[in-house]
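To start, the structure itself, in structure tokens.
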Amino acid sequence: MPLRPAISSASLRRLPDALPLELSAMSWAFATLGVLDPPLLDALAAASMPTIQAFSSQSLGNTAWSYALLKLQNDPLIDALAAAALRRMSEFRPQELSNTAWAVASRAVAHEPLREAIAAQALRRSSEFVPRELRMLLWSLCGLRELQHAWRLFERDEVLDLPEYGGPCWQSLLAECEQRSLLDGEARLLGALMHRSQRRLFGGEARLLGAVLGWAVQVAASNALAIRMAEAGRTERALRYLSSAEQHARTDDVSHHISVACGVGLGSESHGRGSHSEKGAGPAQDVAEYSTV
């Protein structure tokens, strides 16, 4: 008999007598190995349900993570895990919090009370989390109906100081703002990105290459922000952003083209004085060709 079927068969026989830790370890092992065995995992979920209250915080987090990683939708199990986790939230370590939040969010299961409770714990203990855990948490919080928890976590120094600023951790929040048409949220995030790159540019963290990259990030973020404002018809605001960027030497040829599309070239006397109304459709159409920059 091949090894995996033999392991599955032996595991099924042991389920009735398995302890909570063993049940959790089984699901974790199959998920870690990438072994998808729906009959066994369904039986494992059924065996776990009566003893779920005896699961440790680690077992709760690992079980939720395992089923999510294997893309198995077992709503009764997830509901039971969520209810047990809510009662034990203060016992969860950072990795268990991030694993549980990611598991619930990745299966598109609401459980907003659980994610909000995790957010509250994370905000109190953000300094205890490693970068990977912060990324998982921020991504999961972006799926909530309201983004205030995601914003509060995002603005913590631990997140702003992640090595890959502008990377996946930021992109998840930016994507939510774009999908929900939260233009002010996009401005807030891109502004933070520019500020973060400026800290790196002048903070002595990097030498020449880091300085060049920091400048490039600032220019790209400034241009993206101006484009989004122009597309929404807020041309005066777009021009103000570009004017401010020009004063700090954060513009390039793309910046100039955007300002011309908005009706005023960078450096002109009328720049920023409202030569276009906020609702003008023309600039939004003209600037669209630069929106992929």
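The values are calculated or read from the model by the stated rules, or taken from the named source; none is laboratory data. Given the structure is predicted, the values throughout are model-derived calculations rather than measurements. A quick note on method: Cβ atoms are made from the backbone with ideal geometry, for glycine too, and the neighbour counts reach across all protein chains shown.
Among the residues of the stretch 240-247, is there at least one that is in a helix (DSSP H, G or I) and closer than 21 Å to Leu182 by Cβ?
So in the stretch 240-247, the residues in a helix (DSSP H, G or I) come out as 240-247.
Among the residues that remain, those that are also closer than 21 Å to Leu182 by Cβ are: 240-241.
Checked against the condition, which is being in a helix (DSSP H, G or I) and closer than 21 Å to Leu182 by Cβ, the stretch 240-247 yields at least one hit.
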- Message: Please go through (1) surrounded by fewer than 22 Cβ atoms within 10 Å (Cβ to Cβ); (2) within 15 Å of the chain's Cα centre (by Cα) for Arg87 and return the number of the only condition it doesn't satisfy.
- Response: (2)
- Message: Can you pull out every residue in the stretch 62-117 that is at positive phi and outside the structural domain of Leu41 (by TED's automatic domain parsing)?
- Response: Ala108, His111
- Task: Only residues that are under 29 Å from the mean Cα position of the chain (by Cα) and modelled with pLDDT of 80 or more: list them for the stretch 241-257, please.
- Result: Leu242, Thr251, Val254, Ser255
- Message: Can you tell me how many residues within the stretch 110-143 are surrounded by fewer than 18 Cβ atoms within 10 Å (Cβ to Cβ), at pLDDT below 85 and part of a loop (DSSP other than H, G, I, E, B)?
- Response: 1
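From Ala45, Ala64, which residue is touching a Leu at 6+ places or on another chain (Cβ under 8 Å) and closer than 16 Å to Met136 by Cβ? First the steps, then the outcome.
Details: Ala45 fails: closer than 16 Å to Met136 by Cβ.
Being touching a Leu at 6+ places or on another chain (Cβ under 8 Å) and closer than 16 Å to Met136 by Cβ holds for just one of Ala45, Ala64, which is Ala64.
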- helices (runs of 4 or more DSSP H) enclosed by the stretch 1-89 - at least 1 residues per element that are modelled with pLDDT of 90 or more and either over 17 Å from Asn99 (Cα atoms) or of a type in the set (Ser, Thr, Tyr) (or both): 20-33, 38-48, 57-69, 75-87
